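Everything on this sheet refers to the single structure shown next.
The values are calculated or read from the model by the stated rules, or taken from the named source; none is laboratory data. Note that the coordinates shown come from a computational prediction; the quantities given were computed from them, not determined experimentally. Here Cβ is always computed from backbone atoms with ideal geometry, including for glycine, and neighbour counts include all displayed protein chains.
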Amino acid sequence: MNTPHIPSVVDFSSIRSAFPYIKAFRGKRFVFKLGGELCESTSVLTQIMEQIALLSKFGIKVLIVHGGGRHATELGEKLGYRSAFVSGRRVTSEEMIEVAKMSFAGVLNSDLVSCMNTLGISAFGISGVDFGLVQAHRRPPVRIHDDRVGEEREVDFGFVGDIDSVDAASLESLLALDSVPIVASLVADTDGTILNINADTLAAELAVAMGASKLIQLTAVDGLMGDVSDPGSLISVLTIVEAEAMMTDPAVTGGMIPKLKNAVGALKGGVSQVHIISGLKQDAILQEIFTNEGSGTMIVGA
């Protein structure tokens, strides 16, 4: 059985400096949100899972939530279904929700579970549908600004869900198992209709429901930048007030806005800290958690 990667030269000073954090976090609960783009490279996925496996070995209770939008889009095209987007948001047609089931709960979830198991950590794959974990409803048509036509219009996003509640008893039963839950971003309504759900939103809601100490959003960027064109403008620490202000900043665009929105929601729900860090950089997770300097952006409640 494989074990997490151990460097040939061990930096004992780093181990000593990390020890107070290891002691403080033992028994705590961390939620990781893994962007679908990070699942596409075996080497990237392996180094992420190695770090999370080490956290589990240190006695931290971890739960992983993953998306997979790009994989679903590519799979849909292979099957003859083109994905539609409005202002960057996916319209999930009846055909594409079937593709999402295959992609999220099938291919990607199985790959993640298998990767974690090979590292000596027992893992199991589920979605928000299993155990009635998440109760949701289909999102009604909403009015949004359509960037393609430059005006506001009503859009039906199809089989997309909004969360009503999380079954706390089911969640606690899953967390009591000596294993890592890996949750695909699918939910169901009261009629059993399966719906696509934003993975950042699902991760935030689960983090709140399980009383997580940390919600860690793994992305393809280092964190929140003061200037997206300047790699040196990484913002290391933000308060919740500053994060709310940045959501209206024209310089903050794209997928970072919903990440900030979900971060603020998680903090208001009782999560102690939210981190936005790169999943591409080697050991970025360990650096963020076990050093004062960190590697990405940490958002705190005050």
Looking at (1) under 19 Å from the mean Cα position of the chain (by Cα); (2) surrounded by 12 or more Cβ atoms within 10 Å (Cβ to Cβ), which is the only condition Ser165 fails? (2)
Can you name the strands (runs of 3 or more DSSP E) wholly within segment 190-241 that have at least 2 residues being under 26 Å from Ala72 (Cβ atoms)? 194-196, 214-219
When segment 168-184 is examined, which residues are found to be in contact with a Ser or Thr (Cβ under 7 Å, 6 or more places away or on another chain) and surrounded by 13 or more Cβ atoms within 10 Å (Cβ to Cβ)? Ser179, Val180, Val183, Ala184
Top-ranked residue of segment 56-71 - restricted to ones that are modelled with pLDDT under 95 and surrounded by 24 or more Cβ atoms within 10 Å (Cβ to Cβ), ranked as nearest to Ala212 (Cα to Cα): Gly67
Among the residues of segment 21-45, which ones are at pLDDT below 90 and in contact with a Ser or Thr (Cβ under 9 Å, 6 or more places away or on another chain)? Tyr21, Gly35, Gly36, Glu37, Leu38
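Taking the residues in segment 217-254 that are in contact (Cβ under 8 Å) with a residue 60 or more places away in the chain, loosely packed, with under 15 Cβ neighbours inside 10 Å and touching a strand residue (DSSP E or B) at 6+ places or on another chain (Cβ under 9 Å) as candidates, determine which candidate is farthest from Ile277 (Cα to Cα).
It comes out as Thr239.
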Select, from Val99, Val91, Val129, Val134, the only residue that is of a type in the set (A, V, I, L, M, F, W, C), within 18 Å of Phe157 (Cα to Cα) and crowded, with 18+ Cβ neighbours inside 10 Å. Val99
Checking Ile97 against (1) out of contact with any Phe, Trp or Tyr (no Cβ under 6 Å at 6 or more places or on another chain); (2) modelled with pLDDT of 95 or more, which test does it fail? (1)
